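First the structure, in the form of structure tokens, and then the observations on it.
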Amino acid sequence: MPGAMRSCHGTGSSVRSRSPAQLRRTNGGWEGRIAGMDYRERIVRDPAVCGGEPVFKGTRVTLRTVLASLAEGDSVDEILRAYPSLTADDVRAAIAFAAQAASDDVPAPPVPSV
């Protein structure tokens with residue numbers, strides 16, 4: 001339900017991105033950049049804000065809220081209308097963060113020998 005803004009959480013909708021994240025593979029992982037932007041410049045943790053949960057810099061909008069919105073199929077425009085303190089680059093930073101987390105947390109299955 002876009003527009004229902006709450007401190008440190010919220011309801012969201014998801015975005016179906018037409019262009020894939022452009023992350024570079026590095027030794028053992030993915031570099032946290034998408035289209036030349038480092039997600040670590042936009043997503044921060046501060047124990048004094050939302051109990052240290054990752055939020056977008058200068059806001060109380062959590063990373064989890066935006067990722068849940070994306071997973072539900074909300075568009076970038078819907079997310080930006082629901083959370084006007086965010087930018088499209090913030091949403092892209094959330095995608096870049098998730099892409100890196102997936103590559104770090106989900107080990108590739110072993111390749112069977114033939």
Region 58-114, subset among the basic types (Lys, Arg) and under 10 Å from the mean Cα position of the chain (by Cα), residue farthest from Val44 (Cα to Cα): Arg92
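Which ones in region 34-45 are assigned to a loop (DSSP other than H, G, I, E, B) and of a type in the set (A, V, I, L, M, F, W, C)? Before the answer, list the steps.
So in region 34-45, the residues assigned to a loop (DSSP other than H, G, I, E, B) come out as 35-36, 42, 45.
Correct list: Ala35 only.
Every number here is computed from the coordinates shown, using simple stated rules; none is lab data. Being a predicted model, the structure only gives us computed values, none of them experimental.
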